[in-house]
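Enquirer: Shown below is the structure under consideration.
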Amino acid sequence: IVIVIIAVVLGLTLRQNKSEFESTFLSRCEKFNQYDCKKLWGVFQQAYVDKDPCKVLVEAYNPLIAAAPFKPQCNKTMFWSKTKDVVHGFTDKRKDCFVTLEDTLLGSVLDGLTWCGKEGSKDTFTSGCPGWSECENNPVRSFWICASAAFADVACGDVTAMLNGSINTPFNPTSIFASVEVPRFNASRVKKLNVVMVIQKNNISNCNHSSLKNLTQALDTGITYSCKDVSESRIQECGAKPEIACGACW
Ligand code: C8R
């Protein structure tokens, strides 16, 4: 009897974990009408189920991106690196100004989640998955690289990026922003990159930081560059006051 109870409880917990991830995926997806979320869940799973969680290539998510493509939002695209909280604190309130990857269907569905598969299993696991840098081709990292590349591919007009003035290397070559997004900005679509350097009280970097030289050098010729030091409080103020025009925030 004890063994049966243990088995049932264990079975239920495992089932619950699985369906909890799936129901998070579906309920977040359903907030965006006009998509067949059950179908997207199926396409998503194909990328990683029944695979060694260190052997999920970036390209495995191409069918998912193709099923829910990013729409170009000229002059409104917002990129970021190591400033996620400040950026979303702002963009969540000022959707009239900027769109981040997390405001798109795929970005919002998978934001903050961990998932992986296992060889010989059809299930999705949410624990025991490889960490971000534990192995290169892990399901979460490959997804963000694939999605970020596709998001950068459709960027157009003036694009904005919020970088962090409180770290040693605001433009870090190992970041997704530096390694995946910037190299994809195409001068035939992107006119200008506006960097907003987020300045907190104990900042150690600003727009004069040497790493930004690498950023200007990495930009496709023909893309104009600007950088502005902006205090975190000013960004918050702009988020709190919808009467401030987007172009007057900084
Ligand atoms: N982007 C990358 N990573 C993202 C992400 C996103 O939109 N959304 C989430 N939740 N994540 P970082 P970065 C998670 O080191 O490397 C796009 C990933 O799990 O501060 O330069 C976005 O368009 C990953 O662990 O920044 C943005 O412009 C961290 O957040 C860059 O890429 C990566 O956060 C940010 O990537």
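Only the coordinates and a few stated rules stand behind these numbers; no lab work does. Everything numeric in this text was worked out from a predicted model, so none of it was measured. Because the Cβ atoms are built from the backbone with ideal geometry, glycine has one as well, and the counts that use them run over all protein chains shown.
Enquirer: Only one of these is closer than 24 Å to Arg184 by Cβ, surrounded by fewer than 19 Cβ atoms within 10 Å (Cβ to Cβ), within 13 Å of the ligand (Cβ to nearest atom) and in contact (Cβ under 8 Å) with a residue 24 or more places away in the chain: Val109, Val154, Val140, Val159. Name it.
Expert: Only one candidate qualifies: Val154.
Enquirer: Please go through segment 79-90 and pick out each residue that is in a helix (DSSP H, G or I) and either within 24 Å of Asn33 (Cα to Cα) or more than 6 Å from the ligand (Cβ to nearest atom) (or both).
Expert: Asp85, Val86, Val87, His88, Gly89, Phe90
Enquirer: Find all pairs meeting these conditions: Cβ atoms under 8 angstrom apart; at least six residues apart or on different chains; first residue within segment 37-52 and touching a residue at least 40 places away in the same chain (Cβ under 8 Å) and surrounded by fewer than 18 Cβ atoms within 10 Å (Cβ to Cβ); second residue not in a helix (DSSP H, G or I) and not charged (D, E, K, R).
Expert: Close Cβ pairs (under 8 Å, with a partner that is not in a helix (DSSP H, G or I) and not charged (D, E, K, R)) amount to Asp50/Gly117; Asp50/Gly120; Asp50/Ser121.
Enquirer: Additional query: Residues to consider are Lys93, Lys71, Lys122, Lys51; find the one that is within 26 Å of Asn194 (Cα to Cα), over 16 Å from the mean Cα position of the chain (by Cα) and outside any helix (DSSP H, G or I).
Expert: None of the other options fit; the residue is Lys93.
Enquirer: Turning to a different aspect of this structure: Tell me, please, whether a residue that is of a type in the set (Lys, Arg) and surrounded by 17 or more Cβ atoms within 10 Å (Cβ to Cβ) can be found in segment 232-243.
Expert: Our first condition is that a residue be of a type in the set (Lys, Arg); within segment 232-243, this holds for 234, 241.
Filter once more, keeping what is surrounded by 17 or more Cβ atoms within 10 Å (Cβ to Cβ): none.
Scanning segment 232-243, I find no residue that is of a type in the set (Lys, Arg) and surrounded by 17 or more Cβ atoms within 10 Å (Cβ to Cβ), so the answer is no.
Enquirer: Right, next: Given (1) surrounded by 12 or more Cβ atoms within 10 Å (Cβ to Cβ); (2) free of Cβ contacts under 8 Å to residues at least 12 places away in the same chain; (3) basic (Lys, Arg), where does Lys201 come up short, assuming only one miss?
Expert: Lys201 satisfies all of (1) surrounded by 12 or more Cβ atoms within 10 Å (Cβ to Cβ); (2) free of Cβ contacts under 8 Å to residues at least 12 places away in the same chain; (3) basic (Lys, Arg) except (1).
Enquirer: Within segment 121-131, can you find the residues that are surrounded by fewer than 11 Cβ atoms within 10 Å (Cβ to Cβ) and either under 16 Å from Ser179 (Cα atoms) or in contact with an Asp or Glu (Cβ under 8 Å, 6 or more places away or on another chain) (or both)?
Expert: The answer is Lys122, and nothing else.
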